[in-house]
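S.K.: Structure below; questions to follow.
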Amino acid sequence: MTTTLATDVLVIGSGAGGSVTAATLVSAGHDVTVVEEGPWIDPDAVEPFSLDEFVLKYRHRGMGSAALGVPPIAYAEGCCVGGSTEVNSGLWHRLPPAFVNEWQREYHIEEFTSDTLDRYAEEIERELSVSHLPGAPPPSSAVLERGATKLGWRSVEFLRVFRHDGNDRGVKQTMARTLLPRAVAAGAKVIPECAVTRLIRQGDRVLGARCRRRNPDGVTEELIIHADHVFVCGGAMQTPALLQRSGIRHQIGVGLKLHPSIKIAAVFPQALDHGDVPMHRVTEFSPNLTIGGSASRQSHIALALADSSTDFSDALANWENIAVYYAAIRSEGSGRVIAVPGLRSPLVSYRLTDGDLSRLARGLIHLGELLLAAGATELYPSLTGGPVVRRPEELVQWWDGATRSRTNLMTIHLTSSIRMSQDPNRAGTDSFGRVWGYQNLRVNDASLLPDAPGVNPQAGIMSIAARNCAQFLSQS
């Protein structure tokens, strides 16, 4: 049996871009329906960065996704109501003005300036209570600040999408906790566990979407949603895959960008905290190289130690004294996202340049320098067969180990697989996310960014999404 629904605006995806789109348009009087492939999980139902969170909130239960290449680059995607805002660190950084200006010139993007984006960012920051930590940083974050200070390097505490109470307790303001409930209160409908298989096209218009919805009783049904306007907000992987499955391919899925990251599991003389992600970042080498901290639960530490392929049993037994840190680069390389008939997930590839690999090696050495300066006693690099380092003079051993066959990389920031531009030969959408060749089809997520920004992209995604919604409302 097939169920049919109708809506004014259909928003596909409920992450940073989709939530802003839904909340903005329903507040302006539009009838809005949001469909999300993953379930609606209460933000307080599972512990952040836990195995339960991986199983419930990540695509493929948090395992098995990688951009093919030499080396491959592992990545993870949120797959739940709220998307990756439910599982990320909540760090907030506006798009660097130098990149905004560069992208505006290169891609001829209309109404795209730092002043314009900052106006929308300010509104979102007020709504989501973006702020600094009110007290002293936790030990895992203080490591970055202390090491940078000893080396004379610049570091900064990033803002976070957190609301703090009088007891300095912070609660991450995810989309399932904030914008989506507000959108529902204003009349929007959110349909979880509803995967869009393809868009329904007719000429230069999209009439709606064909979906598979899993009902609470476990039964899957076909659902057709008719819509006057469609916003695809599935992220840099799922948005191009859906458009391609629907026969829309011009400049779709090309130019994928990400922040390749290399890690170190660092052992310290004292126990560290493991419940959050460090909010400090070392910016001495920014924007092309950034040093920061990762989630460091016992399972994360075990995986990071295993990347070195050395005997780490003694270290793992003392895992409370270990935290995981990374060096991330802006990459010269790029990738592709290709929807393959018969496969639910797209085929993703990424080509690192030799320059990228050199920057990653340099980043690993700098990260090692910083951690030793901060008091680490042993460093386990994410290099297959990489030696454990205990003194600064030993770091040189890692240079020759950072090869394509021995380097283990990951990323959590995925962008630029469609891009926006007034030049249809450079991008899949115009300056405001409208897909070239279609009157009522728009993209409003991370895939619009012309390049990787060198920082957590959530602030940029949400600011651009709000800007695009304002332009849509001015035209409708």
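The values are calculated or read from the model by the stated rules, or taken from the named source; none is laboratory data. What you see is a predicted model; the values in this text were computed from it and never measured. All Cβ positions, even for glycine, are placed from backbone atoms using ideal geometry, and neighbour counts span all protein chains on display.
S.K.: Confirm whether ARG182 is assigned to a loop (DSSP other than H, G, I, E, B) and under 23 Å from GLY13 (Cα atoms).
M.R.: No, not satisfied.
S.K.: Can you confirm whether GLU378 is among the charged types (D, E, K, R), surrounded by fewer than 16 Cβ atoms within 10 Å (Cβ to Cβ) and in contact (Cβ under 8 Å) with a residue 24 or more places away in the chain?
M.R.: no
Let's see how each residue does on (1) over 29 Å from LEU159 (Cα atoms); (2) crowded, with 17+ Cβ neighbours inside 10 Å; (3) charged (D, E, K, R); (4) touching a residue at least 60 places away in the same chain (Cβ under 8 Å):
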position	(1), (2), (3), (4)
CYS233	no, yes, no, yes
MET279	no, yes, no, yes
PHE285	no, yes, no, yes
SER296	no, yes, no, yes
ALA315	yes, yes, no, yes
ASN318	yes, no, no, no
ILE329	no, yes, no, yes
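S.K.: Could you please give the count of residues in the range 249-277 that are modelled with pLDDT of 95 or more, outside any strand (DSSP E or B) and either out of contact with any helix residue (DSSP H, G or I) (no Cβ under 6 Å at 6 or more places or on another chain) or surrounded by 23 or more Cβ atoms within 10 Å (Cβ to Cβ) (or both)?
M.R.: 9
S.K.: Before we move on, is GLN475 more than 19 Å from ILE73 (Cβ to Cβ), among the polar types (S, T, N, Q) and touching a residue at least 40 places away in the same chain (Cβ under 8 Å)?
M.R.: Judged against the criteria, GLN475 is not a match.
Residue-by-condition table, conditions (1) touching a residue at least 40 places away in the same chain (Cβ under 8 Å); (2) more than 19 Å from PRO216 (Cα to Cα); (3) in a loop (DSSP other than H, G, I, E, B):
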{"site": "THR4", "(1), (2), (3)": "yes, no, no"}
{"site": "THR7", "(1), (2), (3)": "yes, yes, no"}
{"site": "SER19", "(1), (2), (3)": "yes, yes, no"}
{"site": "THR24", "(1), (2), (3)": "yes, yes, no"}
{"site": "PRO39", "(1), (2), (3)": "yes, no, yes"}
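S.K.: Pick out the one residue from ARG210, ARG198, ARG182 that is under 29 Å from the mean Cα position of the chain (by Cα) and touching a residue at least 60 places away in the same chain (Cβ under 8 Å).
M.R.: ARG182
S.K.: Of the conditions (1) under 19 Å from the mean Cα position of the chain (by Cα); (2) in a loop (DSSP other than H, G, I, E, B); (3) among the polar types (S, T, N, Q), SER309 fails just one. Which one is it?
M.R.: (1)
S.K.: I would also like to ask the following. Which residues, taken from the range 242-267, are among the hydrophobic types (A, V, I, L, M, F, W, C) and touching a Leu at 6+ places or on another chain (Cβ under 9 Å)?
M.R.: LEU242, LEU243, ILE248, ILE252, LEU256, LEU258, ILE262, ILE264, ALA265, ALA266, VAL267
S.K.: Out of all the residues in the range 116-130, is one or more assigned to a loop (DSSP other than H, G, I, E, B), among the polar types (S, T, N, Q) and within 18 Å of the chain's Cα centre (by Cα)?
M.R.: No: the range 116-130 contains no residue that is assigned to a loop (DSSP other than H, G, I, E, B), among the polar types (S, T, N, Q) and within 18 Å of the chain's Cα centre (by Cα).
S.K.: A follow-up question, please. Given the criterion assigned by TED's automatic domain parsing to the domain that holds VAL11, small (Gly, Ala, Ser) and touching a residue at least 40 places away in the same chain (Cβ under 8 Å), identify the matching residue among SER65, SER84, SER155.
M.R.: Matching residue, one of SER65, SER84, SER155: SER84.
S.K.: Here's a follow-up. Among SER447, SER417, SER431, which is the only one that is of a type outside the set (Phe, Trp, Tyr), modelled with pLDDT of 95 or more and part of a helix (DSSP H, G or I)?
M.R.: Criteria check complete, one pass: SER447.
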